[in-house]
């Protein structure tokens, strides 16, 4: 137990853990540290242990532990907090219970010698850095989902390509056999050879995409380059059910860091009104900041509507693929039965099998895309890559980090 505490303190000192991480996640991270130190069930290359399997959950935790961007965001929080504390000390700022004229309300406000509003600005910068840190963590999780699913689907595509090569090899063998007895033309045989060459080329390309997908994933999670652990996680298809879409969207908007930033910018403008700029200038700055809140809300509302429609389109696609799969599976059953009765060739069976496998791969793709689309609907700021941004005031004094 002493060793566990020692490791925890070591990880904490290195700022491995994010702000207010649940205890279960902390313990899991410590466990993963021990697993890597003692030797994860896998093959050891030098001083690094490569796991034989990798779940999506493990990939997320490894990525968060190894992400330099997360570390920078976490250190930035500490930096902004230090600057804020030093600023409060410099200006002798203290929180006092202040009466709001014309009301029965009291608020705690900083007071002291702060002619330029630096107490307010540095406090805003610190809290903004905390939000930025949370967004960075969420964006890393999103990246893991994308890279992990890409590798899983690339594996499926390699399987489809291999089956297609087997089909083309069979078709060529049958054509050559018919050609020997004069039942097939040389042109058809040449066409079959060309089809086989094309299928082998497609397989090589699929294998190249798989290697690239694995390289991207292991780089993100911090595993040794060239490692290819088995990806064991699967995703279930569960249609998104929303009783009141507008209400759901409004809830997401209220939780968004973009709206938080826009609203806090308004508060900052009010708190520093006239401290640096003239009252006339800050009157415009405040108006721009308030308009920025409305623009941000509108942008998010439209973006969330589109994200919801994307989810529903994927659900319709999934249902259509399911029906196609049912038809293809019945076709495969009939092809196998005919083959057993001598009424179909092996190539016809392989063709039916290829159709089924192709549809299964498409369904797997839609399942992953749907799962990520649902997450993107509830956390668009993590999945947009910066594409969904809020409007911000461009005041003379700044008002942001």
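The values are calculated or read from the model by the stated rules, or taken from the named source; none is laboratory data. Given the structure is predicted, the values throughout are model-derived calculations rather than measurements. Positions of Cβ are backbone-derived with ideal geometry, glycine not excepted, and every protein chain shown enters the neighbour counts.
For the residues 302, 307, 231, 286, the requirement of being in contact with a strand residue (DSSP E or B) (Cβ under 8 Å, 6 or more places away or on another chain) and either surrounded by 18 or more Cβ atoms within 10 Å (Cβ to Cβ) or farther than 30 Å from residue 213 by Cα (or both) singles out 231.
The residues of segment 332-360 that are within 26 Å of the chain's Cα centre (by Cα) and crowded, with 19+ Cβ neighbours inside 10 Å, listed by number, are 358, 359. The set of residues in segment 340-349 being part of a helix (DSSP H, G or I) and farther than 15 Å from residue 174 by Cα consists of 340 alone. Which pairs have Cβ atoms under 8 Å, sit 6 or more apart or on different chains, and link a residue in segment 291-315 that is farther than 12 Å from residue 249 by Cβ to one that is exposed (fewer than 15 other Cβ atoms within 10 Å of the Cβ) and modelled with pLDDT of 95 or more? Within 8 Å, the pairs are 315/239. Exactly one residue out of 49, 63, 59 is surrounded by 18 or more Cβ atoms within 10 Å (Cβ to Cβ), assigned to a strand (DSSP E or B) and at pLDDT 60 or above, and it is 49.
Among residues of segment 110-132 being touching a strand residue (DSSP E or B) at 6+ places or on another chain (Cβ under 9 Å) and assigned to a helix (DSSP H, G or I), the one that is modelled with the highest pLDDT is 123.
Please work out if residue 217 is in contact (Cβ under 8 Å) with a residue 60 or more places away in the chain and either assigned to a helix (DSSP H, G or I) or more than 23 Å from the chain's Cα centre (by Cα) (or both). Judged against the criteria, residue 217 is a match. Taking the conditions (1) surrounded by 21 or more Cβ atoms within 10 Å (Cβ to Cβ); (2) more than 20 Å from residue 228 (Cα to Cα) in turn, residue 144 satisfies each one other than (2). Being at pLDDT below 95, touching a helix residue (DSSP H, G or I) at 6+ places or on another chain (Cβ under 7 Å) and surrounded by fewer than 18 Cβ atoms within 10 Å (Cβ to Cβ) is a condition met by no residue of segment 365-383.
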